[in-house]
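As structure tokens, the structure follows; a few thoughts come after it.
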Ligand SMILES: Nc1ncnc2c1ncn2[C@@H]1O[C@H](COP(=O)(O)OP(=O)(O)OP(=O)(O)O)[C@@H](O)[C@H]1O
Ligand SMILES: [Mg+2]
């Protein structure tokens with residue numbers, strides 16, 4: 001964990017060293033001031049030596065200026081190092097997340113990733129700055145002031161020593177108690193973020209289902225949990241201040257009492273007594289600061305662990321050592337493919353699938369919800385890896401291709417698809433960043449998207465809201481198809497991508513595909529038999545098993561599931577869940 005964090009701060013080694021050095025110099029300067037003050041009182045005021053007062057006063061001003069300058073430099077370099085660390089951590093996490101496979105993303109949920117990228121990084125950033133500046137300042141103040149006190153009067157300094165040990169013990173106890181509560185509170189932040197994120201991103205669904213009150217309660221609960229934990233932590237931490245004040249005043253009282261006796265007995269100068277009182281404040285304040293630093297550090301240990309988890313997570317998908325950058329054609333073969341989402345699952349999601357699809361064919365996939373249609377096609381572009389068997393594209397195992405090459409050649413319109421904020425053209429160019437406007441229009445014509453884009457006042461420059469909320473479901477699907485077409489892939493997969501498009505438009509899209517991209521292998525997952533009946537072959541999936549493979553006519557003859565659904569759909573309304581396996 002520490003190694004992961006240190007790697008990110010390497011770039012700021014200079015600032016990370018300079019900050020404590022300057023903080024230490026600042027402390028030294030600060031600690032000289034009470035000594036000079038003592039000298040002014042002892043040598044100047046008591047002996048009426050004005051010259052000494054001027055000279056020492058001058059030195060004091062110079063010392064103060066130095067102290068200030070060192071303080072400023074420490075603050076500057078401290079900020080540089082800690083903000084730099086924050087930036088690098090965010091960057092490292094973000095870049096790592098980009099390499100995650102779907103399986104990795106399934107493991108960390110999105111809200112947890114967001115908390116890790118934001119709150120956790122801020123914690124680390126703050127505590128790093130605290131360690132570099134406050135911790136060094138407090139520790140060196142404590143040591144130097146203690147040393148100075150022993151130098152002035154070892155007898156009186158013993159009072160501090162006892163006070164430091166007692167107060168230190170109490171503060172350690174407080175910090176330990178508070179630490180547990182703080183760590184709990186940070187875990188609860190995940191719940192809060194999940195509630196906020198889910199609610200805000202799915203606000204329309206929340207409203208449609210009138211789940212506002214439920215969501216409010218859920219948010220209130222998550223928020224209340226954090227409040228409770230932080231309240232408990234702070235209730236412990238508040239004892240810091242009275243404890244510290246009590247010790248300070250008690251020490252001042254003791255020092256004044258014994259000091260005054262010593263001044264009367266001429267074993268101590270008045271100026272030295274003054275200096276001792278200043279050191280008293282310094283020592284105990286730095287103890288207090290140290291306790292705060294420890295609270296902060298303890299809070300960030302949990303954050304550091306969570307950040308390291310993200311950075312050290314290995315993607316479950318790897319590019320092969322000597323990848324192949326060329327895909328010969330769009331032929332696809334499944335050989336004894338078995339797949340499960342989690343290694344521990346007993347029943348596989350896909351069980352011993354064998355299939356062969358020639359390049360340029362149109363393939364329909366039908367089957368009830370949850371029959372693993374999406375899982376099957378996700379293996380083709382290696383969104384997940386098979387557990388047993390192999391998937392071949394263009395005659396080669398998909399695991400032997402460079403991932404980017406494979407995903408550019410196997411273009412998938414995912415079932416849960418999204419558009420991003422930006423113009424229609426920007427969105428289309430996700431498919432091909434260098435596509436000209438003509439090429440974009442051409443792709444939209446094939447996906448039957450051009451017809452509705454032309455009705456928008458800004459046409460192809462129409463702004464799409466985040467998530468594509470200002471276009472209809474069917475329009476969004478057609479834009480997603482156009483985006484996938486722009487990749488000019490060898491294999492095009494449409495995962496239930498025309499479900500919101502009317503039957504006539506659906507037929508026109510398929511016709512356009514036949515004419516415009518005859519060489520591309522097209523895989524169409526659909527619930528409507530009409531969407532796949534003119535395909536070269538149709539795959540019927542049932543609960544992860546291949547139940548049928550053939551043309552529409554063949555399946556009508558041989559496949560009971562297919563025939564039942566076809567009949568129920570042509571007679572009106574049935575689908576795979578109702579008609580199916582019966
Ligand atoms: N990311 C995932 N993690 C774990 N299990 C999953 C995941 N995605 C799907 N499953 C499970 O795998 C099975 C097949 O799901 P899949 O999405 O492939 O079905 P589908 O045929 O595409 O269904 P639909 O018609 O509803 O899209 C289901 O039982 C589902 O619960
Ligand atoms: Mg699906």
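Please treat every number below as a calculation from the coordinates, not as lab data. All figures in this text were calculated on a predicted structure; none of them were measured in a lab. Here the Cβ is made from the backbone with ideal geometry for all residues, glycine too, and neighbour counts use every protein chain on show.
By the count of neighbouring beta-carbon atoms within 10 Å, fewest first, 537, 336 end up ordered 336, 537. Using only the Cα atoms of segment 248-372, build the gyration tensor, take square roots of its eigenvalues as a ≥ b ≥ c, and label the shape rounded, prolate or oblate: rounded if a/c is under 1.5, else prolate if a/b is larger than b/c, else oblate. Verdict is prolate for segment 248-372. Ordered by the count of other Cβ atoms within 10 Å of each Cβ, fewest first, 51, 552, 463 give 51, 463, 552.
Spacing of the modelled spin labels on residue 238 and residue 321, each 7 Å from Cα toward Cβ, amounts to 6.4 nm.
Segment 116-176 and segment 489-542 have Cα centres lying 70 Å from one another.
For the chain, the longest principal axis of the alpha carbon atoms and the long axis of helix 13-39 meet at an angle near 20°.
Principal semi-axes of the equivalent ellipsoid, √(5λ) from the alpha carbon gyration tensor of the chain, are 73, 24, 21 Å from largest down. Modelled spin-label separation between residue 94 and residue 107, with each label point placed 7 Å from Cα along the Cα-to-Cβ direction: 2.3 nm.
Calculate, for residue 162 and residue 183, the FRET efficiency according to 1/(1 + (r/R0)^6) with r their C-beta to C-beta distance and R0 35 Å; round to the nearest 0.05. Computed FRET efficiency for residue 162 and residue 183: 0.60. Quote the FRET efficiency, to the nearest 0.05, computed for residue 200 versus residue 452 with a Förster distance R0 of 25 Å and r equal to the Cβ-Cβ distance. The formula returns an efficiency of 0.30 here. Using the alpha-carbon centroid of each, what span in Å lies between segment 307-356 and segment 377-454? Each part reduced to its Cα centre gives a spacing of 18 Å. Is the shape of segment 36-124 best called rounded, prolate or oblate, per the rule: a/c under 1.5 gives rounded, else a/b larger than b/c gives prolate, else oblate, with a ≥ b ≥ c the square roots of the Cα gyration tensor eigenvalues? Here segment 36-124 falls in the prolate category.
Look at 96, 91, 476 and count the other Cβ atoms within 10 Å of each Cβ; fewest to most, that gives 91, 96, 476. DSSP bridge analysis restricted to the chain gives an antiparallel fraction near 50%, rounded to the nearest 5. Using r as the Cβ-Cβ distance of residue 1 and residue 314, and R0 as 25 Å, what FRET efficiency do you calculate, to the nearest 0.05? According to the calculation, E is roughly 0.95. When the Cα gyration tensor is reduced to axis lengths a ≥ b ≥ c, the ratio a/c is 1.5 or higher for segment 26-176, and with a/b not above b/c it is classed as oblate.
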